[in-house]
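Before any comments, here is the structure.
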Amino acid sequence: MAGLAHGGHAPVIIPILMGGSALIIGATIDSLYGLIPFFGIFCFMLSAFFANFWRDPDRPIPRDEGVLVSPADGHVMFVRRERAVGRRPSKEEIESGVCEFDSLTGDWFPEPTSNPLLFETEQRFEAVVKGQESENDVYRVAVFMSPLDVHVNRAPFAGTLHRMEHRTGKGLRRGPFVAAYKKESQYNERVRSVFKGENDVFVEVTQISGALARTIVPWLEVDTEVRRGERYGMIRLGSRVDLRVPASLFTPNVCSAEEQNPSHPKGEFVQAGSTILFTPVTD
């Protein structure tokens, strides 16, 4: 069935078969006081809901040189310049006693990696004060995906899926699951993917589960080559996707909800694979 994402055929087809069978039984054998036809109609409605959720439309991919496209459909929550101030510690660093502990986010070593722009491990970032910018800063764009948006995620540029890791809350097998539209949801259960492009440029895409969306499904393996806008995974139901890029190489190209622009009160609506989030910095 064209236009459906991986795994979407069964949730759409099975209710159709059940609904059709119910209507036939109700019309030819016994309607059970109208309950069987009602069940059949409910199955068709359920199929329509799943078809909308699992839809995977083709998208025109920009051909502009050096641009980064949105990895997700939804409204832009915020665009922020940040700097790494910590990272996930090694076992030895945890045993050294110098790590910081947070009950929500877990253990942090109070220094970033030697090159934060390689995104070698999950890092803790803080907003950069205007006038104190540096070459190690990143821009982060957060996109909120409502339950009605397309949930297929796409690669922001052409390159290689360099790294992927699954994270949960400290000591949790699953979760936490804060509502995705809240900024605190950045530490929900998540999958962090790092893409490597030309000239050893790295960008980080984090798929974040929400209060309803609790299943992140990567479709590609590490070291797989990707095209700009190529599908690489999805999140089931409402959720959020964050994109971090080197601030010295890219300039944001979208309007966020924080800017309170009357034209985009919820933030600019972007489409995965089509909307340009960042343009390359030019001299």
(message) Among the residues in segment 70-80, are any β-branched (Val, Ile, Thr), assigned by TED's automatic domain parsing to the domain that holds residue 247 and under 30 Å from residue 273 (Cα atoms)?
(response) yes
(request) Please enumerate the residues belonging to segment 102-155 that are among the hydrophobic types (A, V, I, L, M, F, W, C) and either without any contact (Cβ under 8 Å) to a residue 24 or more places away in the chain or not assigned by TED's automatic domain parsing to the domain that holds residue 90 (or both). (result) 108, 109, 129
(request) Taking the options 240, 228, name whichever one is more than 14 Å from the chain's Cα centre (by Cα) and touching a residue at least 40 places away in the same chain (Cβ under 8 Å). (result) 228
(request) Would you be able to say whether some residue in segment 89-99 is among the β-branched types (Val, Ile, Thr) and either within 25 Å of residue 215 (Cα to Cα) or assigned by TED's automatic domain parsing to the domain that holds residue 251 (or both)? (result) yes
(message) So residue 162 passes all but one of these: (1) within 15 Å of the chain's Cα centre (by Cα); (2) part of a strand (DSSP E or B). Which condition number does it fail?
(response) (1)
(request) Please state which one of 61, 13, 24, 36 is within 22 Å of the chain's Cα centre (by Cα) and either in a helix (DSSP H, G or I) or touching a residue at least 60 places away in the same chain (Cβ under 8 Å) (or both). (result) 61
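A quick yes/no check of all residues on (1) crowded, with 17+ Cβ neighbours inside 10 Å; (2) on the phi > 0 side of the Ramachandran plot; (3) free of Cβ contacts under 8 Å to residues at least 24 places away in the same chain; (4) of a type in the set (Val, Ile, Thr):
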{"position": "219", "(1), (2), (3), (4)": "no, no, no, no"}
{"position": "224", "(1), (2), (3), (4)": "no, no, no, yes"}
{"position": "250", "(1), (2), (3), (4)": "yes, no, no, no"}
{"position": "261", "(1), (2), (3), (4)": "no, no, yes, no"}
{"position": "270", "(1), (2), (3), (4)": "yes, no, no, yes"}
{"position": "275", "(1), (2), (3), (4)": "yes, no, no, yes"}
{"position": "280", "(1), (2), (3), (4)": "no, no, no, no"}
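The values are calculated or read from the model by the stated rules, or taken from the named source; none is laboratory data. All values derive from a computational prediction rather than experimental measurement. Ideal geometry is used to build each Cβ from the backbone, glycine not excepted, and the neighbour counts take in all protein chains shown.
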